Every structure is written in C-alpha cells, then in structure tokens.
Amino acid sequence: MLRIDLRALAGKPVSTVVDVPADASLLEEAEVTLDTPLRVRGRLAESGPGRFYWQGTLECRVRGNCRRCLASVSTEIAAEVGALFAEDAGDDASMYPIPTSTDDMDLGPMVREELLLAVPPYLLCGEGCRGLCVRCGRDLNEGPCGCEPDPDPRWAALRALQDPGSNDER
C-alpha cells in the first residue's frame, strides 16, 4: 500500500497519493485512533546514489478523549513531512534505512512515526474546558457541582482561633 517501485524513478520524481484506511495495521498498538482515512501525498526523488528524499503531507482526523473532562474529541492533523531514505543510513536516526539494491521502498514506518509525532500529546475539547470535579466527578462544563471548595491552608491558623472547640493552647 505504501510501497514505491524505485525503478519508476528513472531520473524523475514519483508522486504518491494513498488513502490509508482508518483500521489499517499501520497504526496497530499505537494509542491513536483514526477518525478518517489517512491521506498520504508526496513526491519521492533521488538525492544521490542509494539515497532518496520524500517530501509530502499527512492529513487525517484522530479521535481521543479530552484530557480534562474525558469527552470524546476529534481533531484534524495536517503534517508537512520531509524524510531521507538511504541504503547506508547506519546509526543516523534522521534517515530511514532501506535494503541495499532493493527495487521497492516501504513508506509505512516513516508515515507511522511522522503521524505519531504530529498528534498532540493531549487532546482538549476546548481551551475553556473546566474538566471534572475532583470530589464528585461531575463535568464542570455543564455547571457547578455543589461541592464545597477546599479551605485555603494559609488561613488554617485563623480558623483555629475562630473555632471555639479548638484544643489549641498557647
């Protein structure tokens, strides 16, 4: 699906347009749920002997839960990607290795990695999300919960003076 025949290059770039289904095994075991197919568009060009440069975009919607209130959230992802593939990548983490003298190249690992980097680490349903009450668990976006707020510990000494049942002897 995300394989490119390197013989098709023949001195000119090769275009890539692929829609990866939301249930594709590409994102297996990743904590990302695609809401729409992943659109992969780009161009692969030779950049030297045994080296290839792919430049393109990844676009989709991902689904998750709001970090504050746990509501289901869908957000759009649009990432610009530039990736270098090389037969002699060695330990260089900035390059994706490809087997020597291969006829085709798999974009799958690069697409997976770049998509995971593009997804925000925490999803929010909105910047003004008030989250859940830490005591009763009510969604504070729907209104106040009625729980008494925690007393400010900085005023504890004054509250002790005010409380007639206090055993504080000075």
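The values are calculated or read from the model by the stated rules, or taken from the named source; none is laboratory data. Just so it is clear, the structure is predicted and the values come from calculations on it, not from any experiment. Cβ: placed from backbone, ideal geometry, glycine included. Neighbour counts: every protein chain shown. Just the protein is used for accessible areas: all its heavy atoms, side chains included, with ligands, DNA and RNA removed. Shrake-Rupley method; radii C 1.70, N 1.55, O 1.52, S 1.80 Å.
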Subset of segment 97-125, residues touching a residue at least 60 places away in the same chain (Cβ under 8 Å) and either among the β-branched types (Val, Ile, Thr) or in a loop (DSSP other than H, G, I, E, B) (or both), comes to 102, 103, 107, 111, 119
Being open to solvent by less than 80 Å² (accessible area, probe 1.4 Å) and touching a helix residue (DSSP H, G or I) at 6+ places or on another chain (Cβ under 9 Å) narrows 116, 124, 140, 107 down to just 116
Check whether at least one residue in segment 4-15 is hydroxyl-bearing (Ser, Thr, Tyr), under 14 Å from residue 109 (Cβ atoms) and open to solvent by 60 Å² or more (accessible area, probe 1.4 Å), and report yes or no. no
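Do we find a residue being farther than 30 Å from residue 141 by Cβ and either open to solvent by less than 70 Å² (accessible area, probe 1.4 Å) or modelled with pLDDT under 90 (or both) anywhere in segment 59-79?
no
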Can you list the strands (runs of 3 or more DSSP E) found entirely within segment 1-96 that contain at least 1 residues being within 30 Å of residue 134 (Cβ to Cβ)? 51-65, 72-86
